[in-house]
Structures are given as C-alpha cells and as structure tokens.
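Asks: To start, I am sharing the structure in question, which I have written as structure tokens.
The values are calculated or read from the model by the stated rules, or taken from the named source; none is laboratory data. For clarity, every value in this text was computed on a predicted model and none was experimentally measured. Cβ sites come from the backbone with ideal geometry, for glycine too, and all protein chains shown count toward neighbours.
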Amino acid sequence: MSPMPAAKTRYKMQHLEQRTGVNRETIRFYIHEGLLPEPERTSRNMAWYSERHVELVKLIRQLQEREFLPLRAIKALIHDTDDYEFTPRQKEVFALISERLGTGLASPETSAPLKKTRDRLGYSQAEMDELCRLGVIQAEGGALSALDVEILTQWAKLRRSVLSAERGVTSEDLGIVMSAVDYLFSREVRFFVQKLSDLADKEAELILTEVIPGVNRLFALMHERKVRSFASQFGRSEKASAE
C-alpha cells in the first residue's frame, strides 16, 4: 500500500511571525502590496499560511536588508521569477557578480559622508529622505556609496536645468526612471534563468566586463534613438505644413 501523502504544513499568523521574525502588520502590508499571496481562509476570522509564505517573507527581508532593493523592484523580481529555480551554477555566477560589484554597503574606501554630499550638491534633508524612500539612493550609517554619489550628482545637474523645482519637478518624478529600471531588471533576470544556465568561468567574467556595460550602453543608445525619432516627426510635420 502506498504511503499517505504528507499533509501540507499550515501556519496561523502568530506562527508565521515566529518562523520569519516579521510582525503581522508588515506581513499584511506585503499581502496588500501584492508581494505575498492571500492566505487560505477557512472562516471569516481564520486564515492559514503556507510554507511558501514563509519562504517569500524571508526572501523579501533578505532582498531589503542585504541587497537594499526597494519593494517595487522586489515585487517585479518575485512575480517574474516565481516559476523558476536558479541552478547551482547560476547561484555561483550571482555570487561572483556580488563579490566583484560589491554588496552596496558604503565602505571607507568608496563612501562619502551623506551630510557633506547633501550640502555640496544643494539637497535638503527632506529631499534626501525622499530619495531614500523611493529607493533611488541607499544611505547606510550616514554614508553614501560612490554609485549613490554619482546618482545624486546627475540628478542635481538635471534639477539645475529645465527639470527644476520651479517647474514642479520633484524626486517623485524619478519614479519614471525607477519603473523603467525595475522592468528591465526583471526581464534580465528572466533571460538569465532561461538562457544562461551553464556559464563557464570565462563566460561568467564576461557578464561583468562585457554584458552589463554593454546592456547599459544599448539602453542609452536606444533611448536616444527614441527621442530623435519622436522629435524628427514634429520637424517633418512642420516643414510639410510650411510648404
């Protein structure tokens, strides 16, 4: 006789809190934002959570605390990779990328004081707080990474151009860029899972030296072409009208 299949493990909210170390208010927020599936409800006041909830809550916290990803990016990543499992080799490649690019933590060699950078570039503390909330920068312990400083420098240049506060442009408008980056990144992860499952060591190195810089450059070039194409249509239209 075949053995009976093991019953699915189910948890009440208090047990889910214990398993994950995350409080119920945060878990309910994750569900509301679409990061977690709804629990199984057997009555109006009884909800059951699965092992999948445990895994996802732990993953979300890890991506927030170790990789400093905003919830918007985590949601895109979870939904686009939910049906995939990374191979051991792919995990090794991710570890290599993390080692070479750094974890995102500001270190003494590459960091800059937040307050000094803020004052030098002309940001208010409220603006810095908003940029942190949006996930544009990731200030740690009063310090900024070199990457964060470059992002702030570029945004400051744009603010001094026509994208000024006087025209109503705020940090919230960077959401356009963040959404594009989140979408591109989620598709990159899907592509990696589907196409690059058995990279050799030399090929993994090329991800860092060729692929990442190349994709960044392609994105910039294609964006420029879109702008040129859009603008040229107006030029042709006005010329035709004049004739």
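Asks: Does Gln194 satisfy the criteria of being closer than 30 Å to Glu65 by Cβ and of a type outside the set (Ser, Thr, Tyr)? Can you show your working first?
Replies: Details: closer than 30 Å to Glu65 by Cβ: yes; of a type outside the set (Ser, Thr, Tyr): yes.
When the stated conditions are applied, Gln194 passes them.
Asks: Quick one: in the stretch 108-144, of everything that is hydroxyl-bearing (Ser, Thr, Tyr) and modelled with pLDDT of 85 or more, which residue is nearest to Leu158 (Cα to Cα)?
Replies: Filtering the stretch 108-144 for residues that are hydroxyl-bearing (Ser, Thr, Tyr) and modelled with pLDDT of 85 or more, the one nearest to Leu158 (Cα to Cα) comes out as Tyr123.
Asks: Do you know which residues across the stretch 18-46 are among the hydrophobic types (A, V, I, L, M, F, W, C) and closer than 16 Å to Leu71 by Cβ?
Replies: Taking the stretch 18-46 first, the residues among the hydrophobic types (A, V, I, L, M, F, W, C) are 22, 27, 29, 31, 35-36, 46.
Selection gives Val22, Ile27, Phe29, Ile31, Leu35, Leu36.
Asks: Just a yes or no: is a residue in the stretch 206-222 β-branched (Val, Ile, Thr), modelled with pLDDT under 80 and surrounded by 11 or more Cβ atoms within 10 Å (Cβ to Cβ)? Quick ask: steps written out before the conclusion?
Replies: Step one: list which residues in the stretch 206-222 are β-branched (Val, Ile, Thr), which gives 207, 209, 211-212, 215.
If we keep only those that are modelled with pLDDT under 80 too, we end up with none.
Within the stretch 206-222, none of the residues are β-branched (Val, Ile, Thr), modelled with pLDDT under 80 and surrounded by 11 or more Cβ atoms within 10 Å (Cβ to Cβ).
Asks: Any residue in the stretch 171-188 that is among the β-branched types (Val, Ile, Thr), surrounded by 10 or more Cβ atoms within 10 Å (Cβ to Cβ) and touching a helix residue (DSSP H, G or I) at 6+ places or on another chain (Cβ under 7 Å)?
Replies: Checked the stretch 171-188: no residue is among the β-branched types (Val, Ile, Thr), surrounded by 10 or more Cβ atoms within 10 Å (Cβ to Cβ) and touching a helix residue (DSSP H, G or I) at 6+ places or on another chain (Cβ under 7 Å).
One line per residue, one yes/no per condition, for (1) closer than 24 Å to Thr117 by Cα; (2) in contact with a Leu (Cβ under 7 Å, 6 or more places away or on another chain):
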site	(1), (2)
Leu152	yes, yes
Leu163	yes, no
Tyr183	no, no
Glu210	no, no
Phe230	no, no
